[in-house]
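I have placed the structure first, in the form of structure tokens, so that the comments after it can refer back to it.
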Amino acid sequence: MSKSKPLKMLPEERDLPDGAANDDDDTLHEEPQLTADEAAMRAFLPASFGKQTVKPNVEAQFAQTRRRPLDAPDSPPRKGKGKQVFVAQRRVDDEDDEAEVERRNAAGGGGGGGGGAGGSGAMAMDEDGDDSDSDDDDDEDEYPISHEIALKDHTKPVSTISLDPSGTRIATGSHDYLVKLWDFPSMSRDHLHAFRSLEPSESHHIHSALFSHADSGQSLLVVPAAPQAKILSRDGDTLVEFVKGDMYLRDMHNTKGHVSELTAGAWHPTDRGVVVTAGTDSTVRIWDVEKKRQHRDIMVHKSRTGKGGRSRMCCLAWAGGSTGGQNLIATVALDGVLALYAGDGPYSRPAMEVRDAHKRETWTGGIAFSHDGRMLVTRGQDGDIKLWDTRKLKTPITTRTDFATPLHPEANIVFSPNSTTLITGDTSGTLHILSAATLRTEHALPVTPGSPLIATTWHPRINHILTGSANGELHALYSPTLSTKGALLVVAKAPRKRHIDDTTETAAVSADAVILPNAILGTGGAGRRVVAGGGGDPRRPNMPAVTPWGKSQPDQGHIESSIPLASMRDEDPRAALLKYAEVAEREPMFTAAWRETQPVTVYAEVEDEEEEEVVGKGVGERGKRRRRG
């Protein structure tokens with residue numbers, strides 16, 4: 001094969017020094033001088049032909065959801081090693097420009113993924129007043145609390161939050177009687193609403209709504225403030241409703257279900273067909289999903305101080321699963337007794353019991369096992385947080401007193417994914433990250449100042465912290481570097497384009513719209529429940545549609561023509577009979593054979609004097625009978 005000849009150099013390239021012909025970096029190009037109008041036109045016109053790909057500025061969108069520091073004196077301090085750390089933050093408003101965001105981030109000493117002390121903008125001051133940037137950088141990479149998004153669909157306190165194992169779907173329950181289902185992939189920054197709202201038990205608020213981890217979140221256990229728990233599908237359809245017991249039976253062993261309000265519930269750690277519920281009837285019942293007509297096992301708490309030997313069950317937790325550990329069921333009653341039962345039985349009496357674990361007649365709403373099942377934490381409205389060792393339950397390992405616990409019965413406390421810390425909320429709306437060893441606050445983060453923080457959860461897979469407050473707000477805390485998916489998908493997604501069918505008055509669905517499976521089509525554009533009668537109260541019944549077949553007041557002429565004798569209801573019965581008197585006398589139907597021979601009835605005429613005598617005689621006879629009696 002013949003070798004290709006090299007190309008000839010152009011005349012102007014021959015005069016250049018060696019190696020300069022291919023060096024384009026040092027070549028200077030003169031830019032034309034453009035006027036203001038020409039520059040605006042150049043920016044308007046496309047730079048190239050073909051399809052233009054517009055990439056959103058993800059960093060700027062993350063910066064809009066970044067939390068910024070508040071005034072340090074108003075935030076709770078953390079003490080340790082001669083330093084005082086203030087962690088008080090809030091989210092940057094959408095109206096702030098990028099320059100303002102950069103200025104705040106620089107002032108807060110934070111770049112990168114997490115915030116100082118677990119969130120951006122944390123300020124760590126030495127005793128001498130110098131900034132501790134190195135400690136801030138270490139804290140920023142510890143907790144996913146540097147950024148947040150707020151979901152505001154509930155109108156009353158959020159009592160429970162649960163995520164499926166994949167971290168894509170959220171279930172929330174509230175005191176507004178509604179359970180709302182959220183989906184991270186279907187939300188955007190301008191559309192942060194639930195795709196379905198349902199009322200499992202009419203006019204009963206929700207205590208708990210938990211996804212099952214044994215079946216990948218395909219089932220949802222809902223515990224309302226009613227005697228019957230329900231199991232819903234992933235899309236909100238009712239699968240199972242457990243039976244209600246006979247309230248007139250004294251022995252709870254003979255009842256088939258709870259006879260009074262439920263307070264808590266939990267799934268079996270490994271068996272997706274078994275759940276446990278606790279109620280105010282002093283019982284804890286284990287249910288088989290396939291046999292909803294009667295509980296499988298029952299644990300009756302016999303109180304030594306309660307009236308009639310009964311006490312309300314406040315909370316429960318079930319430990320044991322893929323991570324190992326003992327299979328245990330822990331309960332706390334209103335009389336302050338902490339009891340541990342073996343998960344596989346027997347259930348006649350607890351395996352371990354601690355009297356006066358919390359103050360009597362105070363509600364204990366928070367209870368949680370560590371992931372290995374060795375540690376147990378409880379929190380009550382007596383202001384105490386106690387850490388227990390399940391292998392030796394006589395006395396708590398660590399106790400913290402005078403903690404500002406909200407008065408809501410669903411206020412909880414949970415372990416972090418690695419069981420080294422705990423998270424919970426207080427009455428001021430602050431999220432506390434506690435050390436699992438000492439129960440001291442390592443970081444405090446104001447989420448909803450002035451509104452108590454009730455429900456908290458920490459998802460291990462997507463590394464998000466979700467909080468629910470008394471004002472109905474749901475906050476998803478995350479970090480762009482520590483977290484995955486979840487809120488990152490929502491923030492990084494471009495704003496949803498408004499469709500012509502997206503209206504607030506109607507619930508029309510476009511042919512181009514994407515509908516989730518089994519979703520309700522009768523919701524408004526924002527995903528809220530639409531009330532036809534007006535007003536925003538979801539408990540108000542919908543007015544019937546005004547149609548020719550469903551009017552609220554049917555047409556009277558249609559009824560008279562279609563229903564025989566319908567006009568008789570508006571007539572006087574005496575007048576209706578008397579109008580036939582003359583016709584019956586003139587043309588009798590049944591006595592026509594005796595019309596000519598029938599004698600005329602003659603009535604005796606009674607005079608006035610005789611009437612008076614008859615009346616007086618009757619009065620005298622009545623008087624004689626009374627005297628005889």
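The values are calculated or read from the model by the stated rules, or taken from the named source; none is laboratory data. Computed from a predicted structure; not experimentally measured. FYI the Cβ positions are ideal-geometry reconstructions off the backbone, even for glycines, and counts take in every protein chain you see. The accessibility values were calculated without ligands, DNA or RNA, using every heavy atom of the protein model including side chains. Shrake-Rupley method; radii C 1.70, N 1.55, O 1.52, S 1.80 Å.
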FRET efficiency, residue 372 to residue 247 (Cβ-Cβ, R0 51 Å, nearest 0.05): 0.80
- request: Write down Rg/Rh for the stretch 235-379, rounded to two decimals, with Rg from the C-alpha atoms and Rh from the Kirkwood relation over Cα pairs.
  value: 0.95
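Could you tell me the calculated FRET efficiency between residue 461 and residue 202, based on Cβ-Cβ distance and R0 = 30 angstrom, to the nearest 0.05? Could you put the intermediate results ahead of the total?
Numbers: r = 35 Å, r/R0 = 1.16.
For R0 = 30 Å, the calculated efficiency reads 0.30.
Please compute the length gained on full extension between residue 419 and residue 304, using 0.36 nm multiplied by the number of residues separating them and subtracting their Cα-Cα distance. Kindly include the intermediate steps, with their values, before the conclusion.
On the way: separation 115, 0.36 × 115 = 41.40 nm, distance 3.44 nm.
Gain in length upon complete extension: 38.0 nm.
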message: Between residue 356 and residue 604, what is the label-point separation in nm under the 7 Å Cα-to-beta-carbon projection?
response: 9.8 nm
- prompt: Tell me, what is the per residue accessible area of the stretch 160-409 in Å², probe radius 1.4 Å?
  reply: 40 Å²
- request: Whole Å is fine, so just give me how far the alpha carbon centre of the stretch 432-490 lies from that of the stretch 335-397.
  value: 25 Å
statement: For the pair residue 574 and residue 402, the simple spin-label estimate (label points 7 Å beyond Cα toward Cβ) gives in nm 8.5 nm
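Going from the alpha-carbon gyration tensor of the stretch 143-296, what semi-axes, largest first and in whole Å, does one get by taking the root of 5 times each eigenvalue? Before the final figure, lay out each step's value.
On the way: eigenvalues 179, 55, 32 Å².
Sorted largest first and rounded, they come to 30, 17, 13 Å.
Give me the percent of accessible area attributable to carbon and sulfur for the stretch 160-409, probe 1.4 angstrom. Provide the component values of the computation, followed by the final result.
Values: 4530 of 10120 Å².
Roughly 45 percent, rounded to a whole number.
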message: 5 Å is the cut-off here: which amide hydrogens, built 1.01 Å from N in the peptide plane, fall below it relative to residue 159, excluding neighbours closer than 5 in sequence?
response: 173, 174, 175
query: What order, most packed first, do the peptides 592-604, 361-373, 462-474 have when packing is the mean number of other Cβ atoms within 10 Å of each residue?
result: 462-474, 361-373, 592-604
field: Table column - 3J(HN,Hα) (Hz), the stretch 198-208, Karplus curve with 6.51, -1.76, 1.60, x for Gly and Pro
entry: 9, 10, x, 10, 4, 6, 10, 6, 9, 8, 8
field: Within-13-Å neighbourhood charge of residue 308 [Cβ basis; K, R +1; D, E -1]
entry: +3
Cβ-based net charge around residue 416, under 12 Å, with every Lys or Arg adding one and every Asp or Glu removing one: -2
message: How much length would be gained if the chain were fully extended between residue 389 and residue 562, taking 0.36 nm per residue of separation minus their Cα-Cα distance, in nm to one decimal?
response: 54.5 nm
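Assuming 0.36 nm per residue, please report the length gained on full extension of the stretch residue 291 to residue 237 beyond their Cα-Cα distance.
On the way: separation 54, 0.36 × 54 = 19.44 nm, distance 1.84 nm.
Answer, rounded to one decimal: 17.6 nm.
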Percent of C-alpha pairs per 5 Å bin, the stretch 160-409, short to long: 1, 6, 13, 18, 19, 17, 13, 7, 3, 1, 0, 0
query: Listed here are the pairs 386/485; 359/392; 152/302; 180/394; 307/386; 256/485; which of them are more than 32 Å apart at the Cα?
result: 386/485; 152/302; 180/394; 256/485
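Where does the charge balance sit around residue 335 when Lys and Arg score +1, Asp and Glu -1, over other residues with C-beta under 13 Å from its C-beta? Show your work: numbers first, answer last.
Values: positive: 302, 304, 307, 310, 312, 355, 359, 360; negative: 353, 356, 361, 382.
Residues near residue 335 contribute +4 overall.
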task: Grab the beta carbon distance between residue 45 and residue 155, set R0 = 51 Å, and tell me the FRET efficiency rounded to 0.05.
output: 0.55
